[in-house]
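I have placed the structure first, in the form of C-alpha cells, so that the comments after it can refer back to it.
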Amino acid sequence: MTRSAVAALLALLTFVALAACTSEPDNEPEPARPLTSEEAQHLALVRFRNFDAGTRPVSFEVTDSGLTYVVEASVDFAAGLGYGLVSDPAGSETLLLGWSSTTVSTTPWAGGEPAPLPAPPVDESWTTSALSVEQSRLHATLAILLELGADRPDNALLLQQTDARWLRDDEVTIDSDSDSDSDSVAVSVIAGPTADVVYDPESGLPDDGSAATLRYWVDDTGVAHRVELRLGAGGDWTVVDLGTGTGSGMADQLGELADVLAAS
C-alpha cells in the first residue's frame, strides 16, 4: 500500500477534518517547513526499515467507544501480521490478540507478559472477526500499523515536493541492551504527506503540516521510533512507540493463528 493509500484509509475513517486542523503552537522553536533532501531521504526509508527489521515491538493506548485499550504487541511487517496483548489500563482483563489486514482474533489470557511464542493453538476460546476499520479506532490503528511497511523505499524526491513538513527536532527514549538504562535518540518530527502528489498552494490545504494524519519521529537512519495517528475529526492523536527490530519474522511461531488470520 502506498502512502496515499494509507492517507485514504485515514480519510475513510474521517480522521481528517480541515476545519479542526490547527497548528500546535506550544513552544515550537521554528515554524514548520518543507523537508530538506536529507529529511526526505530519511522519511522515504521509514516503511522499508520496518519491512527489513523482522519483527518490531509496538505499544499504544487508544480510546474506542468510551473504552481505553492498552496494546503491547509486535508487528511482522513483511508477513503483514501483528500479535500481542490487549488489556484495560488497570490490566484487570487481558486478551491475546492477533491480527492481519482483514482479520482480528482474541482469546482470554491470564499467563502474564509478554504474549507467548509459539502462540497457543486456536480452539473454541478464540473469537475471530473481520477487522472493522470504519467502526473501531482500535481496529483502525491495528490496520494502519500493518501498512507502515514496504519492500522498497518510497520516492524521496516526490516526498520532498508533497505537503510533508518538518515540525521540529526532538529526542525519543528507547530501551537499551542494559536492564537498567535507556538511550535517547535524536529524531526529526515530520508531518507525513496527505497524498503522494506535488503540493499545490492553490489546493486549500495548509502548508504547515496541520492537515497531516500521520507524524513520524525519525532518526538519521530512517528508523521511526514513534508514529502518531490522528484519530477522529476532533484532532485526537494516538501515539505508537516502536521498539528495536528482532531481525526475524514471527509468522512461523504463530502456527494455527497465522492460518486463521490469513484465511479471510
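Rounded to two decimals, the Cα radius of gyration of the stretch 68-169 over 2.2 N^0.38 Å is 1.30. May I ask for the angle, rounded to the nearest 10°, between helix 137-146 and the longest principal axis of the chain, with both axes built from Cα atoms and the value confined to 0 to 90°? The angle comes out near 80 degrees. Shape descriptor for the stretch 27-124: Rg over Rh equals 1.10 (Cα atoms; Rh from the Kirkwood inverse mean 1/r).
For the stretch 65-106, what does the equivalent ellipsoid look like in terms of its semi-axes, each the square root of 5 times an eigenvalue of the Cα gyration tensor, given largest first in whole Å? Walk me through the numbers before you get to the answer.
On the way: eigenvalues 87, 22, 14 Å².
Output for the stretch 65-106: semi-axes of 21, 11, 8 Å.
Extension gain for Thr128 to Asp88 (0.36 nm times residue separation, less C-alpha to C-alpha distance): 12.4 nm.
A Förster radius of 41 Å combined with the Cβ-Cβ distance from Asp52 to Asp207 puts the calculated FRET efficiency at roughly 0.80.
Taking a cut-off of 30 Å, what percent of all Cα-Cα pairs in the chain are separated by more than that? Before the final figure, lay out each step's value.
Values: 9381 of 34716 pairs.
Result: 27 percent of Cα pairs exceed 30 Å.
The spacing between the stretch 100-152 and the stretch 200-262, judged by their C-alpha centroids, is 16 Å. Let a ≥ b ≥ c be the square roots of the eigenvalues of the Cα gyration tensor of the stretch 195-246; is it rounded (a/c under 1.5), or, if not, prolate (a/b larger than b/c) or oblate? Oblate shape, in that a/c is at least 1.5 and b/c is the bigger or equal ratio.
Residue ranges 245-252, 41-48, 183-190 sort as 41-48, 183-190, 245-252 when ordered by packing (mean number of other C-beta atoms within 10 Å per residue, highest first).
Spread over its residues, the convex hull of the C-alpha atoms of the stretch 132-243 is 138 Å³ per residue.
How long is the gain from Glu113 to Asp64 if the chain were fully straight, where each residue apart is worth 0.36 nm and the alpha carbon distance is subtracted? Walk me through the numbers on the way to the answer.
Details: separation 49, 0.36 × 49 = 17.64 nm, distance 2.31 nm.
Here the segment from Glu113 to Asp64 would lengthen by 15.3 nm.
For the chain, the longest principal axis of the Cα atoms and the long axis of helix 3-12 meet at an angle of about 80 degrees. In this structure, the amide hydrogen of Asp236, modeled 1.01 Å from its nitrogen in the peptide plane, lies closer than 5 angstrom to those of Leu231, counting only residues at least 5 positions away or on a different chain.
Relative to the longest principal axis of the Cα atoms of the chain, the long axis of helix 37-52 lies at roughly 10 degrees. Phi angles across the stretch 98-107 convert, under the Karplus curve 6.51 cos²θ - 1.76 cosθ + 1.60 with θ = phi - 60°, into 3J(HN,Hα) values of x, 8, 10, 6, 10, 9, 10, 10, 9, 8 Hz, Gly and Pro given as x.
Each value in this text was obtained by applying a stated rule to the coordinates, not by laboratory testing. Owing to the predicted nature of the structure, the values given are computational and were not obtained by experimental measurement. Note that we place each Cβ from the backbone using ideal geometry, even for glycine, and neighbour counts take in every protein chain shown.
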